Every structure is written in structure tokens, then in C-alpha cells.
Amino acid sequence: MTGLEALLRSVYSALDSDEFQEAVWRSSLHAEERVPQILEKYSYIRRLAEEVLEARRRAISNIEEVLERLRESARRVKLNLYFAETAEDARRIVGRIIGSGKTVVFSKSMVAEEIRLREYLEENGNEVWETDLGQLLIQLENGKPMHTTAPAIHLTVEKAARLVIEKLGLELPSDPRPEDIVLAVRGFLREKFTKADYGVSGANAIAADTASIVLVENEGNIRLVTGFPERHIVVAGVEKVVETLDLALKQALVQAAYAGLFPPTYMNIISGPSSTADIEHRRVYGAHGPREVHLVLIDNGRMKARGTPLEEQLRCIRCGRCQWECPVWRHTANIWGGEVYGGPMGINWTAITEGLEKGGELSMLCLQCMRCDEVCPVEIPLSSIIHWLRKNYVASLLS
Ligand code: SF4
């Protein structure tokens, strides 16, 4: 079976499932209303988005300089910095830090998904738990995230309840509401947070001038993942680095707004391990938060994308706004995607991380309606990039 045939079969199974269609449709309607309301109420978001667009263009075209600046800052704040060319390199680096027999808590990270980090650590004999509720549900159903910021949108409340009852043995009322699931999972994960040896997170943005990791969230799990265990590991794509901390904060705010959750409940800034200077004003590292922080920056096809139409995709802030807007994605979610990424942004990210052929297969289902282009906060010409992938893919089939 060709890759395209396999894709069509998966898409058909999504179209054929009433439960899947109902769940994705409900979520899309909620998200669709929310973002325009946020943009109207907080008019400065559009201005911030323009600044972020310019900052991301500059950072990507000067990436070597920006990374060099990050290297110097990382030394200053005692952040351990690594560069991984491939997904395998990244897994190996994290695997060496963690070893085996440990308890590891994850906050949601698409890059961790991209490199199959959770599975790798489990194979190495570690107990690993996702702590974002949606991502935990994905772990329990052994599936893949169906949206960039809302991974479990394909699950109805009934299906989510079945998963936590069957896979975690939790008790829920006979007609469970989302609140009941949240409460039960909260109790279950408390114990995992307190016994975790390592916390693994992604990054919404990274500031080169201060080596700060910026993370935005609503659940509060990122605070616990990055603050409670003795050691914190960050995995992020190289494209996440911008020049300064103020730009990194703006990027995270714009991401939260276009993801439809604004104001975000929490913003986290992490610049190296925890420390105190409370005795004789001498700085001592390893206070209440982690004693070590490691940042693994991952290339995995990103640097090679520069100089091609895919370069524009590198400024994506992963808000997922284009996915909600896409008429095809609203029936397929990330089933129309590669291993991890799906929909408009996901076709292009799949081409970057899994190769042009795979991206080309996915491009064949695009309607070229350009709705995704119109809503992207950083003006990525998504449909033009998809068109370029399709043209090359068709040419390769005909040659
Ligand atoms: S151009 Fe293609 S990817 Fe973009 S919204 Fe339309 S169908 Fe979706």
C-alpha cells in the first residue's frame, strides 16, 4: 500500500466515526468563537503579533548568531545546553541524563512527541507520566495528539471517562462531567509529581540574551513538572530561540491568545537551576526548585529547511489557529497528518521533520482555499508552501 493509500484509509476511518466527528466539531465551534473575541477585547495582541513576526524572521535568518548568544548566556545561568542534529541524537542525550529506573513527569511537548521521547524512556525502564490532561488521555489510548494545543479534542467526555476508569482504575460518577475527570486525575497525578526524579517540558519560546525558557499554561502542571523534581530537562526545536526575553514573553502571549486561551493562567520563566543568596549574599544553586536544568535543542530537519519555501514555516509559534480554521482538518483532525503534526501547519512541519515525500502525500488533500493563511498570526503563507509540496510530489510521481 502506498503512503497516500494508507492516508486515505485513515482519513476514511475518521470520517466514518460519528463519535470522532462529533468531538472534533464541538471543539472547533468553541475555538472558532473564542479567538476573535480575544482579539477584539485585547487589541494590543495584534500589535504584539506584528513584533513577534519580525522577531521570528530575524532570529531564523541569523540563527547561528542567536544560538551563539544563547550559548554564552547558558553558561552564565548554569543551564546545560545540548544540540541534537537528529531525533535519535536527542533521545540519546536525554537517555544518558536520565538513565533507567526513574520516575519522569512530562508536561505537553510536541517536540517530545516528535522524537518519541516518552516511548524511548519507557523502553529504557523508566516510569513516565504525561501530566497535561489531554496528553495523558493520548498516552492512555496509545494515540497521537490531534491538535497542537488541544491534543485530545477527538475524545468525547464519555470516551475520556472510559479511558481513566479502564486504564488508571479511577472511580467516576455514573454520568461523569469533565470536572469529575479533572478531579480524579488531579488526585492520581499528585503522587507522581512528588515522587518524580525528572521533569521534562517543552518551551513556548527561549530567550538568547538570558537563556530563559518561557512556558505558558493553564493547568498548573508545567509549574509542578518544572519546579518540583530535582532535575528539569527541556526539549525544544532550534527555531524556538529569539533574541531577547521581552520578545520571548511576547511570543508566548501571542501564542496563548491565538490558541484561544487568554489570559493564560500562568506564565513561567526559567533561567537555570533554582538558587538563593540569602546567606551572606552568596549565590548557592539548588534551592527549592530543580538543582539542574538541561536544554536540548533539536534540529531534525529544521536547518535544512532554510533557503527553501519551508523556511517560512520555521517562524510558526504553534498556536494551532490554522487547524481550527481549515475545512478539511475539521473532519479529520491530525489523522490528516504525519507521525505528530497535522492540518495546515502540520503538513509543512511533517515535510520538515519526516521528509518532502511524506509532506507531499499530505498536501494532496488540501483544498487551496487559503483560509489558514488568513488567520496565521505570523503570516506564514501556509497554502503556498503546501502547493509547492504538492507540485514536487506530483512531479516525482510522474517522473
Ligand atoms: S488551504 Fe488547505 S490547509 Fe489551508 S485551510 Fe484550506 S484546505 Fe486547509
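The values are calculated or read from the model by the stated rules, or taken from the named source; none is laboratory data. All of these numbers come straight from a predicted model, not from anything done at the bench. No Cβ is skipped: glycine too gets one built from the backbone with ideal geometry, and neighbour counts run over all protein chains shown. Note: accessible area is taken over every heavy atom of the protein model, side chains too, but ligands, DNA and RNA are not part of it. Shrake-Rupley method; radii C 1.70, N 1.55, O 1.52, S 1.80 Å.
For this structure, a couple of remarks:
- Theoretical ellipticity at 222 nm over the chain - DSSP helices of four or more residues, -39500 (n - 2.57) apiece, nearest 500: -16000 deg cm²/dmol
- GNM top mover of A277, A84, A152 - the chain, alpha-carbon springs below 10 Å: A277
- Reachable lysines, given that their alpha-carbon falls under 21 Å from the alpha-carbon of K159 and they are not under 8 places away in the same chain: K108, K144, K167
- Pairs of Cα atoms farther than 19 Å apart, region 152-215, %: 52
- Sorted peptide list for 171-178, 105-112, criterion being average Cβ within 10 angstrom, highest first: 105-112, 171-178
- Measuring against 20 Å, Cα to Cα, the residue pairs K240/K358; K41/K250; K78/K304; K304/K358 contain K240/K358; K78/K304 as the ones spanning a longer distance.
- For the chain, built as a Gaussian network whose Cα springs stay under 10 Å, the top-fluctuating residue of G337, G143, G360: G143
- Candidates E130, E54, E361: whichever shows maximal mean-square fluctuation once the chain is modelled as a Gaussian network with Cα springs under 10 Å: E54
- Peptides 46-53, 371-378 ranked from most to least packed by the mean count of surrounding Cβ atoms within 10 Å: 371-378, 46-53.
- Each 10 Å bin, from zero up to the one with the longest distance, holds this percent of the alpha carbon pairs of region 55-300: 7, 30, 36, 20, 6, 1.
- Scanning the chain for cysteines with no neighbouring cysteine C-beta under 4.7 angstrom from their C-beta gives C316, C319, C326, C366, C369, C376.
- Per-residue packing, averaged as other Cβ atoms within 10 Å, sorts the ranges 344-357, 7-20 into the order 344-357, 7-20, beginning with the highest.
- Taking the accessible area of the chain, probe 1.4 Å, and keeping the other protein chains in place, the carbon and sulfur fraction comes to 50%.
- Within straight-line cross-link reach of K391, aspartates and glutamates at Cα separation under 12 Å, skipping those fewer than 8 residues along the same chain: E357, E361
- Using alpha carbons only: equivalent-ellipsoid semi-axes of region 1-105, gyration tensor based, whole Å: 36, 29, 17
- Solvent-accessible area per residue in region 16-80 equals 62 Å², computed with a 1.4 angstrom probe and all protein chains kept.
- Accessible area per residue in Å² at 1.4 Å probe, computed on region 153-198: 58
- For region 189-246, alpha-carbon Rg over 2.2 N^0.38 Å: 1.21
- Unit charges at the beta carbon, dipole of the chain: most positive-side option, L247, T265, V182: L247
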